[in-house]
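See below for the structure under consideration.
The values are calculated or read from the model by the stated rules, or taken from the named source; none is laboratory data. Since the structure is predicted, the reported quantities are computational estimates derived from the model, not experimental observations. All Cβ positions, even for glycine, are placed from backbone atoms using ideal geometry, and neighbour counts span all protein chains on display.
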Amino acid sequence: MHLRIGNGYDIHRLVPGRPLILGGIRLEHPDGLGLDGHSDADVLIHALMDALLGALSLGDIGQHFPPGDSRWKGSDSLDLLEKVMELVGRDGWQVVNVDTVVIAERPKLKGRIDAMRRTIAEALGIPPDRVGVKATTNEGLGPVGREEGIACHAVVLLQLS
Ligand code: MG
């Protein structure tokens, strides 16, 4: 079998006094909110890492980067992604494509999507046209709709090189 598929999901709380980083890009929330978490709380990169680990049945990011471990406090999630990519490449796997969807009421992400795609593509070693980043709202429903947090889903396809 030369193909593997992986799925990832993450959600983080929106709180005052924290930066809002999505897909490796610093954004401004209209109310000055950011995502809370042990690392930089980049929910998009976290979902993506879980999808990559899931494709290879290597567990989840909680196992690889435990929130209680001070080594990962305040981490740049792109650095954690680099570590996950080392695991992906170790046995000869490479990314075919990824697709993600960010669920957030605000801020509007439209103008920043291409920057996120380029950043993620560089981290994965693939061209940006193989990185999907989509944004949707939750139509005001549930915790994401009440702007208590931002969630993200990701899928990845890997092939043996
Ligand atoms: Mg997370």
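Checking each residue of segment 45-54 against the condition of being closer than 15 Å to ARG4 by Cβ, exposed (fewer than 15 other Cβ atoms within 10 Å of the Cβ) and modelled with pLDDT of 95 or more gives no match. With the structure loaded, tell me whether ALA47 is in contact (Cβ under 8 Å) with a residue 12 or more places away in the chain, over 23 Å from GLU147 (Cα atoms) and either in a loop (DSSP other than H, G, I, E, B) or not hydroxyl-bearing (Ser, Thr, Tyr) (or both) or whether it fails that test. So ALA47 fails the test. Among residues of segment 89-105 being assigned to a loop (DSSP other than H, G, I, E, B) and of a type outside the set (A, V, I, L, M, F, W, C), the one that is surrounded by the fewest Cβ atoms within 10 Å (Cβ to Cβ) is ASP91. Count, please, the residues in segment 106-123 that happen to be in contact with a Lys or Arg (Cβ under 9 Å, 6 or more places away or on another chain) and surrounded by fewer than 17 Cβ atoms within 10 Å (Cβ to Cβ). Residues in segment 106-123 being in contact with a Lys or Arg (Cβ under 9 Å, 6 or more places away or on another chain) and surrounded by fewer than 17 Cβ atoms within 10 Å (Cβ to Cβ): 0 in total. Listed by first and then second residue, the pairs linking a residue in segment 143-161 that is of a type in the set (D, E, K, R) to a residue that is assigned to a strand (DSSP E or B) and at pLDDT 95 or above, with Cβ atoms under 7 Å apart and 6 or more places separating them unless they lie on different chains, are GLU147/LEU14; GLU148/ARG13; GLU148/LEU14. Here is the figure for segment 1-32: residues that are part of a strand (DSSP E or B), more than 16 Å from the ligand (Cβ to nearest atom), touching a residue at least 24 places away in the same chain (Cβ under 8 Å) and over 15 Å from VAL155 (Cα atoms) total 2.
State which residue is nearest to ILE150 (Cα to Cα) when the search covers only segment 50-73 and only residues that are assigned to a helix (DSSP H, G or I) and within 10 Å of the ligand (Cβ to nearest atom).
Within segment 50-73, the first condition is being assigned to a helix (DSSP H, G or I), and the residues that meet it are 50-55, 61-64, 70-72.
Then drop every residue that is not within 10 Å of the ligand (Cβ to nearest atom), which leaves 50, 61-62.
Values: ASP50: 16, ILE61: 18, GLY62: 18 Å.
That would be ASP50.
Yes or no: GLU86 more than 10 Å from the ligand (Cβ to nearest atom), surrounded by 14 or more Cβ atoms within 10 Å (Cβ to Cβ), outside any strand (DSSP E or B) and not polar (S, T, N, Q)? Here the answer is no, as GLU86 does not meet what is asked. A single member of LEU109, LEU78, LEU35 is over 22 Å from GLY6 (Cβ atoms), within 16 Å of the ligand (Cβ to nearest atom) and modelled with pLDDT of 95 or more, and it is LEU35.
Part of a helix (DSSP H, G or I) and within 14 Å of the ligand (Cβ to nearest atom): is that true of ALA41 in this structure?
Values: part of a helix (DSSP H, G or I): no; within 14 Å of the ligand (Cβ to nearest atom): yes.
No; evaluated as a whole, the condition is false for this residue.
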